[in-house]
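The block underneath contains the structure these notes are about, expressed in structure tokens.
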Amino acid sequence: MALVVKGDSYIEVRKYYTGSAIGAALVALFLQGFLPKYFPHAQVLQLPLLVTIYFSLGRRNAVSGMFLGTGIGLVQDAVSHLPLGVYGIALTVIGYVAAWISSRINVDLPLSRFILTLALYGFERVILTAIERYLLEQPGPILSFYWLIGSVLAATLAVLIFPQLDRLRKS
Amino acid sequence: MTVLSPRRPLLLFAAAVAVQVLLLAFQIRRGRNIRLIQVWAAEVLTPFDRAGTTSAGWVEAVWSNYIALEHSRADNQRLQSEVNQLRLQLDQLRGRAAEAGRLATLLSFRQSNPAMPLLAARVIGASLAPGSKVIYIDRGARDGVRQDMAVITPNGVVGKVQEVFPSSSEVLLVTDRESGVGALLAGSGAEGVVKGSDGSELTMDYVENGEKVQPGQAVLTSGLDQIFPKGVPVGTVLTVRPGSPFQKIELRPAAKLDRLEDVLIIMQIPKPPQPSTTEDPAGGAGR
């Protein structure tokens with residue numbers, strides 16, 4: 001744990017073991033591509049998004065969160081056979097916003113994690129839909145019931161796995 | 001402990017998003033397989049191109065309509081002056097061409113009458129007295145002009161020399177009331193005397209009522225007045241009315257007396273006319 005000067009106050013910045021974020025991201029990307037083969041609706045969980053949210057909230061560093069989101073998003077684009085940048089842009093924004101939020105509220109509480117994940121999941125859907133509409137010219141609904149259920153499931157999953165990921169922190 | 005710069009993350013974030021948007025635009029293709037980034041580039045650059053074209057057109061318009069026309073006023077004045085000079089030259093050339101035409105006609109007439117000694121003269125003026133039908137020519141005594149010499153044009157009789165001065169002469173037109181020309185009707189040969197009138201027409205006297213005269217009939221000189229040679233056109237019959245004891249015949253002069261410029265003076269009657277077997281009422285015609 002370290003203290004960082006932010007304006008006139010100090011905020012707590014958590015440190016993780018080296019390679020923990022990359023490892024977690026690779027696992028999430030693998031599962032995101034693997035699970036739908038057996039459970040087609042598993043894609044709704046958006047595991048790379050959850051990893052991005054977790055490490056951005058924990059590190060509380062906008063630049064770090066942003067680059068983590070960019071990297072995870074571009075890899076997700078590559079494995080999803082999407083144009084590079086679709087998830088890249090979305091997770092870049094999510095990483096930046098999550099880090100920005102984490103410096104202002106307590107993100108260790110399960111309820112705050114649930115609400116933040118729910119909100120950021122919806123925010124990602126808005127970004128993705130905007131990209132699909134205005135860049136890819138593939139109009140679709142911004143939020144559907146399917147994705148609404150997905151956001152709740154993802155937020156619930158976040159509440160469950162974020163404490164497991166906390167073990168990657170340096171004490 | 002690390003100190004965060006408040007602006008640096010935001011700039012990096014904006015750059016990361018912008019780079020990825022451009023990356024997407026490079027991959028996405030729109031209609032006719034054109035990359036989206038090309039569409040955007042065209043959208044971005046077109047207003048500048050349009051503005052540049054408009055500006056260039058404006059500059060060109062300013063240049064061509066104002067700056068390049070700096071000397072247009074002087075050029076306009078110079079060209080207007082040239083136009084005026086050329087118009088003057090054109091009028092002069094037209095006058096010379098008309099004069100050449102008249103002189104050619106005179107020459108042709110002269111060549112067709114080789115036995116008749118002719119002297120060309122130019123009309124230099126007319127009498128200012130009202131009702132007087134007199135013109136002045138640029139030939140006089142020094143040129144051999146004598147009183148009562150006939151003056152004609154290729155079209156017909158003009159008049160006769162009334163007064164002779166050293167270098168000019170006065171010609172009494174055939175339309176003057178005091179003028180008289182021995183004449184005969186073409187075709188019938190009926191003789192008479194053509195005189196002037198108050199107007200621009202002529203009258204032919206001493207033609208008996210029994211003679212058949214028709215409008216349009218030509219009237220020629222008879223040569224009996226010893227002034228005009230025989231056969232020169234005098235005029236054309238306009239109207240014919242029976243009179244007592246002679247017909248009243250009105251003629252239109254053969255020569256264009258209202259626009260005389262060049263005339264011919266008959267210096268000598270080539271051959272005296274044959275004496276008529278009948279009494280010649282026009283024998284004493286001419287003053």
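The values are calculated or read from the model by the stated rules, or taken from the named source; none is laboratory data. The structure presented is a predicted model; accordingly, all values stated were derived computationally and were not measured. FYI the Cβ positions are ideal-geometry reconstructions off the backbone, even for glycines, and counts take in every protein chain you see.
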What number of residues within region A:133-171 are within 14 Å of chain B (Cβ to nearest Cβ), part of a helix (DSSP H, G or I) and surrounded by 16 or more Cβ atoms within 10 Å (Cβ to Cβ)?
0
Candidate set from region A:85-103 (those that are crowded, with 24+ Cβ neighbours inside 10 Å, more than 8 Å from chain B (Cβ to nearest Cβ) and not hydrophobic (A, V, I, L, M, F, W, C)); member that is nearest to A:ARG14 (Cα to Cα):
A:SER102
Condition first: part of a loop (DSSP other than H, G, I, E, B) and out of contact with any Leu (no Cβ under 8 Å at 6 or more places or on another chain). Can you find one or more residues in region B:159-166 that meet it?
yes
Take the conditions at pLDDT 90 or above and more than 14 Å from chain B (Cβ to nearest Cβ) and apply them to A:VAL107. Does it pass?
no
Of all residues in region B:51-82, which are exposed (fewer than 10 other Cβ atoms within 10 Å of the Cβ) and among the small types (Gly, Ala, Ser)?
B:ALA74
Test for B:GLY182: is it in a strand (DSSP E or B), among the small types (Gly, Ala, Ser) and in contact (Cβ under 8 Å) with a residue 60 or more places away in the chain
yes
Which listed residue is polar (S, T, N, Q), out of contact with any Cys (no Cβ under 6 Å at 6 or more places or on another chain) and buried (at least 20 other Cβ atoms within 10 Å of the Cβ), from B:SER179, B:SER197, B:SER167, B:SER244
B:SER179
